[in-house]
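What follows is one structure encoded as structure tokens, with my remarks underneath.
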Amino acid sequence: MTSDASVLLFFIDGLGIGKRGPFNPFDNLNEADPLAIFQYEPPAVLLDGIVVPTDATLGVEGRPQSASGQTTILTGINAPQLLGYHKQGFPNQALLEIIREHSIFKQLQAAGISPVTFANAYTERFFVERPRWISATTAAVEASNLKFRTVADLLRDDAVFMDFTNKILIERGEQVGERTPAVAARILADISGKHRFTLYEYFITDKVGHAQDMQQARTVLPRLAEFIRELLGHLDLERMTVILTSDHGNIEDLSVRNHTLHQVPTIIWGAKRHQVATRISSLADITPTIVALLTDTMKGHENN
Ligand SMILES: [Zn+2]
């Protein structure tokens, strides 16, 4: 039976598959596995994870960007193709409409898959100031009437901040303690263990890539790798499929300030990884694959 199958979608902003060399922070950084994946090399991923090099350009000229890439990941609709270009930053009206109607949360709700959740914490300031421009995920959460997790949830160990260590929250003056990657991983594992579908987002990689900051990259990447290793150690991978993906490359080539044209690594862990892997070739395949997995309509049943 697969009725209790569940999925954790781990989104990492700005993570591509680059060449080895002095501008790739993954090179010679052993502690950065399981993300140390290079062009022209067979990936060595822990816990039998499968890496599917995934197209982020989506048949549209130019460098892939966050708003259209994230919209595509979260809906299964090729947003750059629809717009005719890659949209930077935050979703515009056209993208918001796509997200509000077709987000993965909406699709799963419509299919009766519940509960679903977004694990990231928002600060109180977000609700008070309600920024004019919101991320693709924020739009998806709002449109699905999901509850936003807050700093209060985080204090109850029921939310994870996007940097998972809480350092950024502390810098912003929030009264929270710092977390080790291991502690944060256990909390995210607990949350995903209670939901059929969980989304978690991590953005630091894109910021470090734009800053071309090798030293920062060599600090955050091993931490991120530790977080992922610990997370996988806490999850029941018989039941849970973990899909890690990104919207475009960036941090894997610090010689340029911009996003790259590289493929992104979609890494899949769990008993259903092979079935999932065969369905993914571009960012537009992520949501349909998750919906098929959770509604038990994937081709090639392998129910135990
Ligand atoms: Zn960016």
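Nothing in this text is a laboratory measurement; each read-out follows from the coordinates by a stated rule. Just so it is clear, the model here is predicted, and its values are computed rather than measured. Don't worry about glycine lacking a Cβ; one is built from the backbone with ideal geometry, like all the others, and counts go over all protein chains shown.
Here the residues 214, 298, ranked from fewest to most Cβ neighbours within 10 Å of their Cβ, fall in the order 214, 298. Local charge for residue 243 was computed over the other residues whose Cβ lies under 12 Å away, with Lys and Arg +1 and Asp and Glu -1, and equals +2.
If the chain linking residue 40 and residue 27 were pulled fully straight, counting 0.36 nm for each residue of separation and taking away their Cα-Cα distance, it would gain 3.3 nm.
Summarising the label geometry, the points placed 7 Å from Cα in the beta-carbon direction at residue 171 and residue 261 lie 3.3 nm from one another. Sorted fewest first by neighbouring Cβ atoms within 10 angstrom, 85, 40 come out as 40, 85. Residues whose amide H comes within less than 5 Å of that of residue 282, counting only those at least five positions distant or on another chain, are 55 (H built at 1.01 Å from N in the peptide plane). Its Cα centre serving as origin, the chain has a Cβ charge dipole (Lys and Arg +1, Asp and Glu -1) of approximately 400 debye.
How would segment 220-304 be classified by its alpha-carbon gyration tensor: rounded, prolate or oblate, with rounded meaning a/c under 1.5 and the a/b versus b/c comparison settling the rest? Oblate. The HN-Hα couplings worked out from phi for segment 111-128 by the Karplus form 6.51 cos²θ - 1.76 cosθ + 1.60 (θ = phi - 60°) are 8, x, 8, 8, x, 10, 7, 10, 7, 6, 8, 10, 7, 4, 4, 4, 6, 6 Hz, whole numbers, x standing for Gly and Pro. Compute the Cα gyration tensor for segment 88-178, then decide on rounded, prolate or oblate, letting a ≥ b ≥ c be the square roots of its eigenvalues: rounded whenever a/c is under 1.5, prolate when a/b is larger than b/c in the other cases, and oblate in all that remain. Because a/c hits 1.5 or more and a/b fails to exceed b/c, segment 88-178 counts as oblate. Given their separation in residues at 0.36 nm each and the Cα-Cα distance between them, residue 126 and residue 81 gain 13.1 nm when the chain is fully extended. Between segment 198-212 and segment 215-254, the alpha-carbon centres lie 11 Å apart. For segment 199-229, the residues whose backbone nitrogen is under 13 Å from a point 7 Å from the Cα of residue 180, taken along Cα to Cβ, are 226-227. Adding -39500 (n - 2.57) for every DSSP H run of four residues or longer, then dividing by how many residues the chain holds, sets the calculated 222 nm ellipticity at -10500 deg cm²/dmol. In order along segment 251-264, the phi-based Karplus estimate (6.51 cos²θ - 1.76 cosθ + 1.60, θ = phi - 60°) of 3J(HN,Hα) comes to 5, 6, 9, 8, 7, 10, 6, 8, 4, 9, 8, 4, 5, 9 Hz; Gly and Pro are listed as x. For the pair segment 16-46 / segment 77-154, the C-alpha centres are spaced 31 Å from each other.
State the number of lysine pairs found in the chain whose Cα atoms come within less than 28 Å, restricting to pairs 8 or more positions apart or on distinct chains. Pairs that pass both the separation and distance tests number 17. Placing a label point 7 Å from the Cα of residue 281 along the Cα-to-Cβ direction, the residues of segment 56-75 whose backbone N falls under 17 Å of that point are 56-60.
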